[in-house]
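Notes for the one structure printed next.
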Amino acid sequence: MSKKIGLMCGSLRKNSYNRIIANTIADLNVPAAFHLIEIGDLPLYNEDLEAGELPASVVAFNQGIRDADGIVIVTPEYNSGIPGVLKNALDWASRPPRSGALQGKPVGIVGATPGGLGTALAQVQLRHTLEAMQVPCLPFQKVRISQVHEKVNAELKVVSDERTKQNIQSYIEHFVTWIEHRSN
Ligand SMILES: Cc1cc2nc3c(=O)[nH]c(=O)nc-3n(C[C@H](O)[C@H](O)[C@H](O)COP(=O)(O)O)c2cc1C
């Protein structure tokens with residue numbers, strides 16, 4: 001059966017390059033079914049909110065993760081790290097301890113920036129956070145898209161650069177194969 005992959009975007013911006021890339025991944029011709037997991041409606045994490053019924057946005061977010069065999073996080077870099085909205089989402093996904101929605105769920109990382117380092121620093125920080133959450137992350141392979149404004153057609157909302165498209169395709173194929181082998 002084809003794998004279900006959840007896509008989480010670290011940017012809330014309407015014309016986000018990373019969102020365009022997440023949508024590109026959703027349309028790839030790979031043996032997997034993709035769904036987007038939204039993080040923009042999540043409240044700021046506060047342990048008090050766990051005392052009663054969880055907010056509906058948190059329940060939907062956790063369900064989106066639990067429904068997936070693996071998650072691909074597509075994120076920009078803010079101030080040499082991951083955006084606060086993404087860290088907030090990961091903190092929610094880490095709760096309750098040892099049985100949070102993301103616990104043990106395989107994750108892949110893709111990042112894009114108009115800058116020159118392709119979100120390298122954000123990706124290091126993200127791996128560090130995922131490790132603390134006991135979340136396995138696809139080793140070795142990386143997709144770090146620099147100068148993204150030259151590789152995406154922002155009006156048509158598509159990746160226009162062939163090589164970038166191929167890199168994304170090959171990363172996602174590899175990710176799907178990885179989670180297939182993990183679940184055997
Ligand atoms: C608060 C803030 C901090 C940023 N810091 C970085 C950074 O450290 N490294 C980087 O490559 N780009 C940085 N940028 C530029 C973002 O990469 C750029 O705004 C990008 O388009 C955001 O991704 P998006 O298009 O998916 O929203 C920063 C942007 C903002 C708003």
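Tabulated data for the structure shown
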{"item": "Selection count, the stretch 152-176, where residues are part of a helix (DSSP H, G or I) and open to solvent by less than 60 Å² (accessible area, probe 1.4 Å)", "result": "7"}
{"item": "Residues located in the stretch 139-151, provided they are open to solvent by 50 Å² or more (accessible area, probe 1.4 Å) and touching a residue at least 24 places away in the same chain (Cβ under 8 Å)", "result": "141, 142, 144, 147, 149"}
{"item": "Qualifying residue in the stretch 23-46 (condition: under 22 Å from residue 168 (Cα atoms) and hydroxyl-bearing (Ser, Thr, Tyr))", "result": "yes"}
{"item": "Condition check for residue 180: open to solvent by 70 Å² or more (accessible area, probe 1.4 Å) and either in a loop (DSSP other than H, G, I, E, B) or of a type in the set (D, E, K, R) (or both)", "result": "no"}
{"item": "Residue list for the stretch 1-16, filter: of a type outside the set (A, V, I, L, M, F, W, C), more than 13 Å from the ligand (Cβ to nearest atom) and either open to solvent by less than 10 Å² (accessible area, probe 1.4 Å) or in contact (Cβ under 8 Å) with a residue 60 or more places away in the chain (or both)", "result": "3, 4, 6"}
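Each row is one residue, and each column tells you yes or no for (1) away from the ligand (no atom under 13 Å from the Cβ); (2) touching a strand residue (DSSP E or B) at 6+ places or on another chain (Cβ under 9 Å).
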| position | (1), (2) |
| --- | --- |
| 18 | no, yes |
| 28 | yes, yes |
| 36 | yes, yes |
| 53 | yes, no |
| 73 | no, yes |
| 77 | no, yes |
| 81 | no, no |
| 84 | no, yes |
| 89 | yes, yes |
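The values are calculated or read from the model by the stated rules, or taken from the named source; none is laboratory data. Since we're looking at a predicted model, the values are computed, not measured. Counting neighbours? That spans all protein chains shown, and the Cβs are built from the backbone with ideal geometry, glycine included. Note: areas computed on protein heavy atoms with side chains; ligands, DNA, RNA excluded. Shrake-Rupley method; radii C 1.70, N 1.55, O 1.52, S 1.80 Å.
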